[in-house]
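Below: one structure, written as structure tokens.
The values are calculated or read from the model by the stated rules, or taken from the named source; none is laboratory data. Predicted model only: the values in this text are computed from it and were never measured. Neighbour counts run over all protein chains shown; Cβ positions are idealised from the backbone, glycine included. The area values use the complete protein model at the heavy-atom level, side chains included, leaving out ligands, DNA and RNA. Shrake-Rupley method; radii C 1.70, N 1.55, O 1.52, S 1.80 Å.
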Amino acid sequence: QQIEQKPEANRADPTRPVGWQYIYGIRYRSDCGPANAVTLVDLLPPGAAYAYSFSFPPIGQPITSGGRVTWTVGNLPAGGVGYVELGVSFPFTTPGGSTLTNTVIISSPNDTYLPNNASSVTITVPILPPFIGSPFSGETCTNTVTVKGFAHAGDAIDLYLDGAYYTSTVAAATHRFS
């Protein structure tokens, strides 16, 4: 078997401060003949959590345990190929600029060539914009307005009112600002 993966995309969750998601694309194939009882195992980076997956051809939902995600591929004919899209989420507290490594391993009891059975990819955590929890977008405000939200601890947040700079604040160790 041969395995390769590449990061497909990353995105911040725009609706709540739960962190961000990363999507890994995992392609696998059997180059040297049929492979029996094939298993695909993804070792997630520290702090990552399984969010979703889909596969083509369909191989079913994986078993997740801690930072390990395991799919039972089954039998793979000579020249057989497949693809898994794996979505993982990272907590909001993951520092921007951190590097995280994801590793995927494919195995079969009758595989005789092992050097191409693992692949790793390293990503850099994006620096997320602050999340404003209140007031909500489009909300009509009267009197005094307090802007509250979440950001990486120590991040400076500049607030603008109608496009003009108004004030600055710094996110606390709890990741909150107001």
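Side notes on the structure shown:
- Of the residues Tyr113, Tyr50, the single one that is open to solvent by 20 Å² or more (accessible area, probe 1.4 Å), among the hydroxyl-bearing types (Ser, Thr, Tyr) and assigned to a loop (DSSP other than H, G, I, E, B) is Tyr113.
- Every test in (1) within 30 Å of Thr169 (Cβ to Cβ); (2) open to solvent by 20 Å² or more (accessible area, probe 1.4 Å); (3) out of contact with any strand residue (DSSP E or B) (no Cβ under 6 Å at 6 or more places or on another chain) is passed by Thr99 save one, and that test is (3).
- Segment 163-178 residues that are under 21 Å from Leu128 (Cβ atoms), paired with ones that are open to solvent by less than 70 Å² (accessible area, probe 1.4 Å) and not in a strand (DSSP E or B) (beta carbon under 6 Å, 6 or more apart): Ala171/Ala151; Ala171/Ala153; Ala171/Asp155; Ala173/Ala153; His175/Ala153; Phe177/Ala151; Phe177/Ala171
- The single condition among (1) over 26 Å from Gln21 (Cβ atoms); (2) open to solvent by less than 60 Å² (accessible area, probe 1.4 Å); (3) at pLDDT below 80 that Gly133 does not satisfy is (1).
- Strands (runs of 3 or more DSSP E) contained entirely in segment 56-99, each with at least 3 residues that are under 25 Å from Thr122 (Cβ atoms), in contact (Cβ under 8 Å) with a residue 40 or more places away in the chain and not β-branched (Val, Ile, Thr): 81-90
- A count restricted to segment 136-149 and to residues that are open to solvent by 100 Å² or more (accessible area, probe 1.4 Å) and small (Gly, Ala, Ser) stands at 1.
- Tallying residues that are closer than 16 Å to Ile23 by Cβ, polar (S, T, N, Q) and open to solvent by 40 Å² or more (accessible area, probe 1.4 Å) within segment 66-96 yields 0.
- When segment 160-169 is filtered for residues that are modelled with pLDDT of 85 or more and either among the charged types (D, E, K, R) or open to solvent by less than 90 Å² (accessible area, probe 1.4 Å) (or both), the ones remaining, listed by number, are Gly163, Ala164, Thr167, Ser168, Thr169.
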